[in-house]
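All remarks here apply to the structure that follows.
The values are calculated or read from the model by the stated rules, or taken from the named source; none is laboratory data. As the structure is a computational prediction, the values presented were derived from the model and not from experiment. For neighbour counting, all protein chains shown are included, and Cβ atoms are generated from backbone atoms with ideal geometry for every residue, glycine included.
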Amino acid sequence: HLYGNRYAGDKVIRFIPNTEEEAFVLKKICHQLKVDLWQPGGVSQISQGTVTDVHVPHNGSRTLLTFLEEANIQYKILIEDLQKVLEKGSSLPAWRSRR
Amino acid sequence: SLSGYNYEVYHSLEEIQNWMHHLNKTHSGLIHMFSIGKSYEGRSLYVLKLGRRSRSYKRAVWMDCGIHAREWIGPAFCQWFVKEALLTYRSDPTMRKMLNHLYFYIMPVFNVDGYHFSWTNDRFWRKTRSRNSRFRCRGVDANRNWRVKWCDEGASMHPCDDTYCGPFPESEPEVKAVANFLRKHRKHITAYLSFHAYAQMLLYPYSYKYATIPNFSCVESAAYKAVNALRSVHGVQYRYGPASSTLYVSSGSSMDWAYKNGIPYTFAFELRDTGHFGFLLPETLIKPTCTETMLAVKNITMHLLKKCP
């Protein structure tokens, strides 16, 4: 597996804060879970209406999803398993030999 | 050879640099490769000067790809652009005009250290790889490190954040090298284009504030025509507008700096897609992405040549 299979089970989740209050709590949870922010560039740029995509490690996704559901914040799972998408999108044998 | 190199896969830094060396030897009439400095980890920062050699004055366009390491479609496009330019110089009147009237300075991989790291260690690395003496975290956001409202809104002062602006402006040797080059050549560089991913947008200044640029008319019309041309290829919709309101506010960006330093037409592309794959755009989508972007870049270039002062 590419990258030692480290991204197995990792998810990419999208949410769009509807209010500044939602944005505030989302910034806090993102900071606590140490998510890898795909967009926007930095946590400080999350605000009302900002399309926010976060890459969450497999052991943090359950916590984030539970939080979003309890806070009634709408979300969408863009990528269910990052490792699978990573490997499907590249010409694996050739790529592995190039790496 | 041009046809022997696969432009529809992502290449490692070493492969890209070997490719540049090869083109420098085999296409010396249109290509000249040179280095503008060294990265933090000591790698050469290579630039390709593309265009018909001329003793008379020629304006130039600067293009850089891969400021953010994980945005691999950027370097893929820079390579595609060079390939297309060389392959179609004789057969395409538009390309011939572009390369006869202009030089293109193309930096296929801006953030060489970060790009290499994203290949070997962390696919989603964004920043450079410079070290910080007081913190364990490495790297600076190379698109927050420019001296234009440096470290203001949209940037972070903390070294562990992905938008860390650095200890001071142009702290990163990669940023300093490009800035020095652009300062030295700014009188004949007429346009600056930077390629990122992902959002499917064509952006122009300002990023750091909500305001209209003085030459809005020409810039906006160039962007409008470019996204229409892009859409005509595969129907993909790109939004366009000032970066601050179209994407988000961010200070210290290369595009804003280039504009402030006298390059009148500066754009940043956010290439495919809008989140379905994000940074993991499959290799099967390299060709359609690059084909449509190629048309947009040619459109912008010709518009600036013909319609803008």
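For segment B:47-65, the criterion of being surrounded by 20 or more Cβ atoms within 10 Å (Cβ to Cβ), of a type in the set (D, E, K, R) and within 18 Å of the chain's Cα centre (by Cα) is satisfied by at least one residue.
For B:Y248, the criteria (1) outside any helix (DSSP H, G or I); (2) touching a Leu at 6+ places or on another chain (Cβ under 8 Å) hold in every case but one, which is (2).
Scanning segment A:25-39 for residues that are out of contact with any His (no Cβ under 7 Å at 6 or more places or on another chain) and modelled with pLDDT under 95 gives A:V25, A:L26, A:K27, A:K28, A:I29, A:C30, A:H31, A:Q32, A:L33, A:K34.
Residues that are within 14 Å of chain B (Cβ to nearest Cβ) and either out of contact with any strand residue (DSSP E or B) (no Cβ under 9 Å at 6 or more places or on another chain) or of a type in the set (D, E) (or both): find the strands (runs of 3 or more DSSP E) completely inside chain A holding 1 or more of those. Counting at least 1 such residues, we get A:36-39, A:52-56. Entry remark, segment B:7-52: residues being away from chain A (no Cβ under 14 Å) and either without any contact (Cβ under 8 Å) to a residue 24 or more places away in the chain or not in a loop (DSSP other than H, G, I, E, B) (or both) number 24 in total. Looking at segment B:131-140, is at least one residue within 14 Å of chain A (Cβ to nearest Cβ), assigned to a loop (DSSP other than H, G, I, E, B) and surrounded by 19 or more Cβ atoms within 10 Å (Cβ to Cβ)? Looking through segment B:131-140, at least one residue is within 14 Å of chain A (Cβ to nearest Cβ), assigned to a loop (DSSP other than H, G, I, E, B) and surrounded by 19 or more Cβ atoms within 10 Å (Cβ to Cβ).
Filtered by the rule that a residue be within 13 Å of chain A (Cβ to nearest Cβ), touching an Asp or Glu at 6+ places or on another chain (Cβ under 7 Å) and surrounded by fewer than 22 Cβ atoms within 10 Å (Cβ to Cβ), segment B:281-302 gives a lone residue, B:E283. Of the residues examined, B:M255 is one that is in a helix (DSSP H, G or I), within 30 Å of B:G166 (Cα to Cα) and at pLDDT 95 or above.
Selection of segment B:117-129 for residues being in contact (Cβ under 8 Å) with a residue 12 or more places away in the chain and under 21 Å from A:K34 (Cα atoms) yields B:F117, B:S118, B:R123, B:F124, B:W125, B:R126, B:K127, B:T128, B:R129. Tell me yes or no: at least one residue of segment B:262-280 is within 14 Å of chain A (Cβ to nearest Cβ), in contact (Cβ under 8 Å) with a residue 12 or more places away in the chain and among the acidic types (D, E). Checking segment B:262-280: at least one residue is within 14 Å of chain A (Cβ to nearest Cβ), in contact (Cβ under 8 Å) with a residue 12 or more places away in the chain and among the acidic types (D, E).
Residues in segment B:218-240 that are surrounded by fewer than 16 Cβ atoms within 10 Å (Cβ to Cβ), under 23 Å from A:I16 (Cβ atoms) and away from chain A (no Cβ under 12 Å): B:Q237 alone.
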